[in-house]
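Below is one structure; the comments refer to it alone.
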Amino acid sequence: MIYKAVIWDLDGTLLDTLQDLASAVNYSLEAFGLPLRSVEEVRTFVGNGIRKLIDRSVPAGTDPATTDGVFGEFRTYYAAHCSDTTAPYEGIPGLLADLARAGVKMAIVSNKADFAVQDLTRHYFGDKIAVAVGAREDMPKKPAPDMVEYALTALGITKGEAVYVGDSEVDVITARNTGMDCLSVAWGFRSEEILRAAGATTILRTPQELKTAVLGDI
């Protein structure tokens with residue numbers, strides 16, 4: 001075993017949440033008579049939390065009160081619809097099962113709102129993920145290291161014993177800021193070019209490659 005623990009990003013890494021996010025964005029924009037966004041536009045907007053997602057989704061120059069209203073509408077709608085089409089990426093359930101059997105401890109750290117992180121983690125991963133941390137008022141979001149350090153403490157693992165796994169430039173920078181090894185996945189919301197430009201050094205294309213990177217050849 002190369003690593004005793006894995007800290008996972010959620011959206012674009014374990015779960016394909018893009019369609020549900022785009023649907024919630026457009027429902028909220030439409031409620032205020034604002035132009036809708038394409039799924040590909042929403043793909044580029046995610047990664048820094050749902051407030052930033054809404055700030056990027058509303059037209060430039062939208063007044064703060066309207067932006068606040070869209071944000072509130074999004075939170076309500078997404079809470080009820082966050083798993084309409086969301087599903088684990090192919091191979092992820094088997095990967096998590098294999099890592100759990102090998103004794104690897106696992107946590108999720110996401111800039112998604114904490115209520116959604118908790119709901120999705122319970123629904124899709126059950127007891128395979130011991131700790132889940134979403135965006136909260138009392139903790140800076142990624143790429144600050146605070147959420148990852150909180151998860152490591154909860155797992156009882158040092159950063160030298162763990163690896164951070166994510167799909168975006170935010171994740172690469174988060175790992176760097178925390179002083180952790182980083183594994184980037186190519187199946188998520190960002191291209192390999194964006195990941196490499198952010199400093200990614202190891203980009204994996206399949207869950208099997210990821211399993212080998214965590215466990216070695218055992």
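The values are calculated or read from the model by the stated rules, or taken from the named source; none is laboratory data. Since this is a predicted model, take the numbers as computed values, not measurements. With ideal geometry, Cβ positions are generated from the backbone for all residues, glycine too; neighbour counts draw on all protein chains shown.
Below, the figures for the structure above:
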| read-out | value |
| --- | --- |
| Leading residue by the ranking (surrounded by the fewest Cβ atoms within 10 Å (Cβ to Cβ)) among those in the stretch 174-195 that are β-branched (Val, Ile, Thr) and within 13 Å of Pro145 (Cα to Cα) | Thr178 |
| Hey, Ala144 modelled with pLDDT under 95 and either in contact with a Leu (Cβ under 6 Å, 6 or more places away or on another chain) or closer than 30 Å to Arg37 by Cβ (or both) or not | no |
| Enumeration of residues in the stretch 166-184 that are among the aliphatic types (A, V, I, L, M), within 24 Å of Glu90 (Cβ to Cβ) and out of contact with any helix residue (DSSP H, G or I) (no Cβ under 7 Å at 6 or more places or on another chain) | Val170 |
| Test: residue in the stretch 204-217 that is farther than 17 Å from Lys105 by Cα and touching a strand residue (DSSP E or B) at 6+ places or on another chain (Cβ under 6 Å) | yes |
| Scope the stretch 83-120; condition in a strand (DSSP E or B) and either free of Cβ contacts under 8 Å to residues at least 24 places away in the same chain or under 11 Å from the mean Cα position of the chain (by Cα) (or both); matching residues | Ile108, Val109, Ser110, Asn111, Lys112, Ala113 |
| Residue list for the stretch 92-148, filter: among the charged types (D, E, K, R), surrounded by 22 or more Cβ atoms within 10 Å (Cβ to Cβ) and closer than 18 Å to Leu18 by Cα | Lys112 |
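Rundown of residues vs (1) more than 17 Å from the chain's Cα centre (by Cα); (2) surrounded by fewer than 21 Cβ atoms within 10 Å (Cβ to Cβ), yes/no style:
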residue	(1), (2)
Ser28	yes, no
Ala31	yes, yes
Leu36	yes, yes
Arg51	no, yes
Thr66	yes, yes
